[in-house]
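The structure under discussion appears below in the form of structure tokens.
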Amino acid sequence: MDVFSSLMDGFATALTPLNFMYAVIGVILGTAVGVLPGLGPAMTVALLLPVTYALEPTSAFIMFAGIYYGGMYGGSTTSILLNTPGESSSVVTAIEGNKMAKAGRAAQALATAAIGSFVAGTIGTALLALCAPIVVDFAVSLGAPSYFAIMVLALLAVTAVLGSSRLRGFASLGLGLAIGLVGLDVVTGQARLTFGVPLLADGLDIVVVAVAIFAVGEALWVAAHLRRNPLQVIPVGRPWMGKQDWKRSWKPWLRGTAFGFPFGALPAGGAEIPTFLSYVTEKRLSKHPEEFGKGAIEGVAGPEAANNAAAAGTLTPMLALGLPTNATAAVMLAAFTQYGIQPGPQLFESEGPLVWALIASLFIGNLLLLVINLPLAPMWAKLLQIPRPYLYAGILFFATLGAYSVNLQAFDLALLLALGALGFMMRRFGLPVLPLILGVILGPRLEKQLRQTLQLSAGDPAGLFSEPIAVVIYIIVAIILLWPLLFKLIRRNRPAAVPAGMPSTGSGTVPPTEAGGSGGGGSHRADATPGGDGDA
Amino acid sequence: MSSSPTLASRLKGRSELGVVLLLGAAGALVIADAARIVTPYSQSDPVGPKTLPFIVGGLLLVCAVFLAVNVLRGGQGEAEGGEDVDLTHPADWKTVLPLMGAFIANILLIDWAGWVISGTILFWGSVWALGGRNYIRDGLISVAMSLLTFYGFYLGLGINLPAGLLEGIL
Amino acid sequence: MTIVVGYVPTPEGEAALTQAILEARKSNSKLLVINSSKGDALVDNRYAQEPEIQTIEERLAAQGIDHAIIQPVRGHDAAAEVLDAAEEQKAELIVIGLRRRTPVGKLIMGSTSQRILLEADCPVLAVKAGATA
């Protein structure tokens, strides 16, 4: 497969007037919902799933991709102008960005965020175009046992690594898998969890589940805890940067991209860790460390680039393996299934033109974001004055419309309310919603792979370990699961090791190995929390 | 570990135990439902339709037990924050319940009265629940939203939302 | 006796405050500064934040005026808050800032100052920006 010529074909498709229009709509809509309180890209794509009935898949995905990137950009705008990071990935941007804005440098903060997003997004998309086919080449050689193992890894990694409580993550995953079970079993035709209700025989529609969890649950949750004290937005003109700002920004952009992409591409990397790593790195490397905490431009440029590169990275496993690792990617995957498109390694083969048009549209979307948003920043800030009643009533209104239009039956709305109440409860008690959605989407595919695997081995569980890659992945899964135990063991040994190492100044070996050992996940999350608290 | 009076005091303010109940009930339900499935063993499908439900049900039950222990020991789920969320005051049921009321009214009315009427009620009711008191402006926006989506879905997406009572007029 | 002034962080609001300070010193009255918001949007630029309130507080204290600053957020519009406070305090005077509004804008948004002028039980002093004595 020739990447370059496929990509050029993709550009040809994405630049037709109609598709280009959908890219513009997506980018504008995405930025708007990123700016608006209470709305995010995942919710918006979920609310727009009904358009899959009328639009060409290519147009729909081009629009969704625009919403995805636009949402990132809009989120950084509110972080800088209001210090209210809407998503965990823009928490770090708010630290320095809002300080800059308060010091009268809002225009420069917005500019470095926008241009940094463009640079990182473009490099990230290029890396996506290069890496995804390689991953696909590797993945198509895998059999069912390995593929099953990879799906287990993706589910467990998201559940166990992201979020603050592993236990609550697993509870959420269990609920999602249970929802995914509802309906007739594809192989045997047996009804599962349908309770004799014929309307449940086809299973719960993923549109209904996604809209309920992301839109209805969120709207009810916000309605129950409306912020009472209004904020004042920092006035801003058109974003621009001086020569000095460019000089201080370009290196952090590139370093942020280098942090962001690989973490985004990992099953549980997410965008929080790379943005935080980028912030710490820039603080260490900066020639103006005294400015950090008072509005250093490097502290906006780096994390914003990392954030956007991670967004591009996330699309690699999504397109190449059919594995979503964040909420928006999960809902986009649901859209694939709406079209009857099988996500997975075959996607590049079977839907090549669609995938390459999507990737090409990411390049276009990035450029559009820069061109549209730099002049429009003051207008976006005005969106924040929309009265809440209209905003949240609108979410419920469109959620209802989306869920109803699937089958035109009121029963789906009852399900929508029930699952929305579940989403409310999960937010109240700290159950993360991402594992649930992944469970619903990946559960049925996981079961299919499991059955194929054991069919090959005639029911012998050893068949699960019949491929070397599968064995390697299970070892990684075991490490992730046992991580808290290992961590405790290391900690228990530490008090003994440190006093021994301290008196003799020469033995510097113990601390570095420990730092290396804990660098994977746990310690950074622990560090990131105080940063998040500081913004509240 | 401790005696019953402390257990009673421990239960107080632990609404999170409701989550434990939900998980436990869901787990039991999944397992009970799977247990009643009867399928002959088949060479081509050795796993069968019961295996995954048993695993999922087991996972839910285990989570319920661990969560119960965690909550009774003082563990607490961290409520989700957000840019428009203020967690310093308790849940405002005076907003949430009318909101759900508007939602339920829509469910009951949509097939009979049609989307334009039920959607207007849904939007207007939600705005009211959320504190909008500009009745006339709210009403006009509600009607406009319903009509626009009705015709938008019909013309743009080819989806016929129910016209209900207004059949023939719209 | 009390003077009630409706304050917003704009030139009109500043003009009203300045005029109200003059009036309060003249008649040696208590000054009640009201800065309210309906609180129905995430952002309300007419709702003064902590530092601004601090500045006003210091300014009034420096002038030796008996004063209070309140910031009600109860879902009521600004006119209702000012009228309520004036009635409650049996105010001798209400001071407000006026700004130009197009007829269409007035139709859609309503006019806070018009409502206060029409409904208040005490004299109302309306000031324009940059027109203070």
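The values are calculated or read from the model by the stated rules, or taken from the named source; none is laboratory data. None of the values given here were measured: they were computed from a predicted structure. Don't worry about glycine lacking a Cβ; one is built from the backbone with ideal geometry, like all the others, and counts go over all protein chains shown.
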>> Can you say whether B:V69 is at the interface with chain A (Cβ under 7 Å from one of its Cβ atoms), free of Cβ contacts under 8 Å to residues at least 40 places away in the same chain and of a type in the set (A, V, I, L, M), as far as the supplied structure shows?
In response: no
> Quick one: is A:V45 surrounded by fewer than 24 Cβ atoms within 10 Å (Cβ to Cβ), in contact with a helix residue (DSSP H, G or I) (Cβ under 7 Å, 6 or more places away or on another chain) and modelled with pLDDT of 90 or more?
Replying inline: no
>> If a residue counts only when it is crowded, with 23+ Cβ neighbours inside 10 Å and touching a Cys at 6+ places or on another chain (Cβ under 7 Å), which helices (runs of 4 or more DSSP H) contained entirely in the stretch A:338-450 have at least 3 such residues?
In response: none
>> I'm trying to understand the selection: among the residues of the stretch B:41-54, which are surrounded by 15 or more Cβ atoms within 10 Å (Cβ to Cβ) and more than 8 Å from every other protein chain (Cβ to nearest Cβ)?
In response: B:K50
>> out of contact with any strand residue (DSSP E or B) (no Cβ under 6 Å at 6 or more places or on another chain), in contact (Cβ under 8 Å) with a residue 12 or more places away in the chain and more than 14 Å from chain C (Cβ to nearest Cβ): which single residue out of A:V136, A:V197 fits that description?
In response: A:V136
>> Please pick out the residue among B:L122, B:L157 that is at the interface with chain A (Cβ under 9 Å from one of its Cβ atoms), within 26 Å of the chain's Cα centre (by Cα), surrounded by 14 or more Cβ atoms within 10 Å (Cβ to Cβ) and of a type outside the set (D, E).
In response: B:L122
>> Please pick out the residue among A:L464, A:L416, A:L422 that is more than 8 Å from chain B (Cβ to nearest Cβ), in contact with a Ser or Thr (Cβ under 8 Å, 6 or more places away or on another chain) and under 30 Å from B:D92 (Cα atoms).
In response: A:L416
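Conditions tested, residue by residue: (1) surrounded by 21 or more Cβ atoms within 10 Å (Cβ to Cβ); (2) of a type in the set (A, V, I, L, M, F, W, C); (3) in contact (Cβ under 8 Å) with a residue 12 or more places away in the chain.
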site: A:T84; (1), (2), (3): yes, no, yes
site: A:K99; (1), (2), (3): yes, no, yes
site: A:K102; (1), (2), (3): no, no, yes
site: A:Q108; (1), (2), (3): yes, no, yes
site: A:S117; (1), (2), (3): yes, no, yes
site: A:A132; (1), (2), (3): yes, yes, yes
site: A:M151; (1), (2), (3): yes, yes, yes
site: A:R166; (1), (2), (3): no, no, yes
site: A:V187; (1), (2), (3): no, yes, yes
>> Is it the case, given these coordinates, that A:A320 is touching a Pro at 6+ places or on another chain (Cβ under 6 Å) and assigned to a helix (DSSP H, G or I)?
In response: no
> Can you name the residue in the stretch A:222-271 that is of a type in the set (S, T, N, Q) and touching a helix residue (DSSP H, G or I) at 6+ places or on another chain (Cβ under 8 Å) and, of all such residues, is modelled with the lowest pLDDT?
Replying inline: A:S249
> Would the stretch A:58-70 turn up any residue that is over 19 Å from A:A311 (Cβ atoms), aromatic (F, W, Y) and in contact (Cβ under 8 Å) with a residue 12 or more places away in the chain?
Replying inline: no
> From the list A:G71, A:G66, which one is crowded, with 24+ Cβ neighbours inside 10 Å, at pLDDT 90 or above and either in a helix (DSSP H, G or I) or over 16 Å from the mean Cα position of the chain (by Cα) (or both)?
Replying inline: A:G66
> Hey, any hits in the stretch A:397-412 for a residue that's on the phi < 0 side of the Ramachandran plot, within 23 Å of the chain's Cα centre (by Cα) and within 10 Å of another protein chain (Cβ to nearest Cβ)?
Replying inline: yes
>> Taking the criterion of being more than 8 Å from chain A (Cβ to nearest Cβ) and among the charged types (D, E, K, R), would at least one residue in the stretch B:100-114 satisfy it?
In response: no
> If you check B:Y151, B:Y135, which single one turns out to be under 23 Å from A:R228 (Cα atoms) and exposed (fewer than 14 other Cβ atoms within 10 Å of the Cβ)?
Replying inline: B:Y135
>> Suppose the filter is within 30 Å of A:D137 (Cβ to Cβ) and assigned to a helix (DSSP H, G or I); does A:T58 pass it?
In response: yes
> In the stretch B:110-142, how many are in contact (Cβ under 8 Å) with a residue 24 or more places away in the chain and either more than 18 Å from A:S405 (Cα to Cα) or of a type outside the set (S, T, N, Q) (or both)?
Replying inline: 15
>> Test of understanding: among B:L109, B:L155, which residue is assigned to a helix (DSSP H, G or I) and modelled with pLDDT under 90?
In response: B:L155
> How many of the residues in the stretch A:140-154 are within 15 Å of A:K448 (Cα to Cα), of a type outside the set (F, W, Y) and assigned to a helix (DSSP H, G or I)?
Replying inline: 7
> Taking the stretch C:57-96 as the region of interest, how many residues are farther than 25 Å from A:R227 by Cα and buried (at least 16 other Cβ atoms within 10 Å of the Cβ)?
Replying inline: 12
